[in-house]
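In what follows, a structure is listed as structure tokens, so that the remarks can point back to it.
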Amino acid sequence: MSTLDTTLETHSDEHHGPASGLGRWLFTTNHKDIGSMYLWFSLLMFLVGGSMALMIRAELFQPGLQLVEPGFFNQMTTMHGLIMVFGAVMPAFVGLANWMIPMMIGAPDMALPRMNNWSFWILPFAFAMLISTLFMTGGAPNFGWTFYAPLSTTYAPPSVTYFIFAIHMMGISSIMGAINIIATILNMRAPGMTMMKLPLFCWTWLITAFLLIAVMPVLAGVVTMMLMDIHFGTSFFDAGGGGDPVLFQHVFWFFGHPEVYIMILPAFGIISQIIPAFARKRLFGYASMVYATASIAILSFLVWAHHMFTVGIPLAGELFFMYATMLIAVPTGVKVFNWVATMFRGSMTFETPMLFALAFVVLFTIGGFSGLMLAIAPVDFQYHDTYFVVAHFHYVLVPGAVFAIMAGVYYWLPKWTGHMLDERMGRFHFWLSFIGVNITFFPMHFIGLAGMPRRIPDYALQFADFNMVASVGAFLFGLSQLTFVWNVIACVRGGRKAEARAWEGAEGLEWEVPSPAPYHTFAEPPKLPESLR
């Protein structure tokens, strides 16, 4: 029996296990419990936001108004975006960070466990408040997830005040989670784990946490300015009172563009863990991956106005933001090259996590290319506010962020539950998702190039065929997620016993502890495995 196993068994006797009943989940400070709650919450929000997307696609199945009123359609597009960004993708990454970062660096828990509990329990209240606006007078927010003023101020429904409060609560939760992750990674690494030996998932999360702390106060500032305009007689964004609606766009996108990277940098980390495991090779170019991640994060602060070419910014400004945006392709290209180089001549196998990781690399690259097209200022004038933009950011966020989260869940599920997943069902889920996501979003490039505007419940007849195809794909993708839910629940309930190292090529401290991971791990600092020395 290894020294590590002995240590774990000794300490499992010394510590109490989880409390029983509801109190365990309400008062827990255990990083695994909190990670699980984040993941279940994000799954619930994914299903809620996805149902709204299906309602949108059902209405768009054919031209004309069939199922919902235009006002309700606007509420659905707004709530879908807000729930998917703040309720599904971000909490899923925080859940993965809570579960994996302490185990990856050899820490017993997160550095600030009570704050960890608080940062999670704020979220259900924030989203309960946001979703409750659907039942309020005037309905839910209907101004799009970008909530441009004056749509979100002068012309907003009364529920906008609840929306502002919910955004504040989500921001507080994110900032507390980010502080916790930074404190944990910087202070609680096992002896000998220098910064340049950190697993890539930890590196990408460390940089993401700094991004969160930098931009969440900007979001809080802009919604507070909205609140002042609505209730306290100021005119920050009201041209009639001397304000400027374009100011809103500047402040929003100074938050909004780094936010895009907040949703994709941890995905890079997950993929950088999975590809070496199933290629059975070390990650190619580790140091360049770290520097590329940091470069992307820094550049993300210099490109916000590429969302605003059509508002009439000076030519010099357009040129600066165009070239700065295109520059992001360089570190991103370094990452894609390194993933491909890692797979080159590797002993590859294609289990479910690897299939999702490969799809991520291919489809995220497609999303990146369409982003480059949108970065070209004169071309953006044609694409702006069309379905081409919808296709672009969904290629980045669905087969990008969402596929990476699914890859991560499938990869670490045996460590969490102690059971192997149903591989056949996992592959079935992958292929349905892969086909569904491409049928949904690829035709949107064409209808966008042909000029179909986004955020409309009706459209001209010439767009009917591609819209019908996209709606069929959306239902295929949406319903296929039920196989994911089934597979996860089946894995939690039972299945083939997982070994400590569930995947043959997996490396790292998390694979040195038994599966399922004990409730308390690393009460004493572990020795680094050979692969990390």
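The values are calculated or read from the model by the stated rules, or taken from the named source; none is laboratory data. Quantities reported herein were computed from a predicted structural model and do not represent experimental measurements. For neighbour counting, all protein chains shown are included, and Cβ atoms are generated from backbone atoms with ideal geometry for every residue, glycine included. When the accessible area is computed, the model is the full protein with side chains, heavy atoms only, and any ligands, DNA or RNA have been set aside. Shrake-Rupley method; radii C 1.70, N 1.55, O 1.52, S 1.80 Å.
When we screen THR234, THR208 for residues that are surrounded by fewer than 18 Cβ atoms within 10 Å (Cβ to Cβ), out of contact with any Ser or Thr (no Cβ under 7 Å at 6 or more places or on another chain) and at negative phi, the only hit is THR234. The condition of being modelled with pLDDT of 95 or more, farther than 21 Å from TYR411 by Cβ and not hydroxyl-bearing (Ser, Thr, Tyr) holds for only one of LEU227, LEU206, LEU265, that being LEU227. Taking residues in segment 194-213 that are over 16 Å from ILE270 (Cα atoms), and partners anywhere that are among the polar types (S, T, N, Q), the pairs with Cβ atoms closer than 9 Å and at least 6 places apart or on different chains are LEU211/SER300; LEU212/SER174; ILE213/SER174. The residue that is nearest to PHE446 (Cα to Cα), among those in segment 470-501 that are open to solvent by less than 20 Å² (accessible area, probe 1.4 Å), of a type in the set (A, V, I, L, M) and assigned to a helix (DSSP H, G or I), is ALA470. Total residues in segment 502-530 satisfying the condition of being surrounded by fewer than 17 Cβ atoms within 10 Å (Cβ to Cβ) and either among the hydrophobic types (A, V, I, L, M, F, W, C) or without any contact (Cβ under 8 Å) to a residue 40 or more places away in the chain (or both): the figure is 3.
The criterion of being at pLDDT below 95 and of a type in the set (A, V, I, L, M, F, W, C) does not hold for LEU96. Only a single criterion out of (1) open to solvent by 20 Å² or more (accessible area, probe 1.4 Å); (2) more than 18 Å from the chain's Cα centre (by Cα) is not satisfied by PHE388, namely (1).
Within the group ALA292, ALA287, ALA297, which residue is over 17 Å from the mean Cα position of the chain (by Cα) and surrounded by 19 or more Cβ atoms within 10 Å (Cβ to Cβ)?
Values: ALA287 fails: surrounded by 19 or more Cβ atoms within 10 Å (Cβ to Cβ); ALA297 fails: over 17 Å from the mean Cα position of the chain (by Cα).
Only one candidate passes the filter, namely ALA292.
No other residue among ALA324, ALA305, ALA277, ALA357 is farther than 30 Å from TYR411 by Cα, crowded, with 21+ Cβ neighbours inside 10 Å and out of contact with any strand residue (DSSP E or B) (no Cβ under 9 Å at 6 or more places or on another chain) apart from ALA305.
Highlighted here are the helices (runs of 4 or more DSSP H) found entirely within segment 57-171 that include at least 2 residues which are open to solvent by 40 Å² or more (accessible area, probe 1.4 Å): 70-82, 113-132. Evaluation of ARG345 against the conditions (1) more than 23 Å from the chain's Cα centre (by Cα); (2) open to solvent by less than 30 Å² (accessible area, probe 1.4 Å); (3) farther than 28 Å from VAL379 by Cβ shows that the sole unmet condition is (2).
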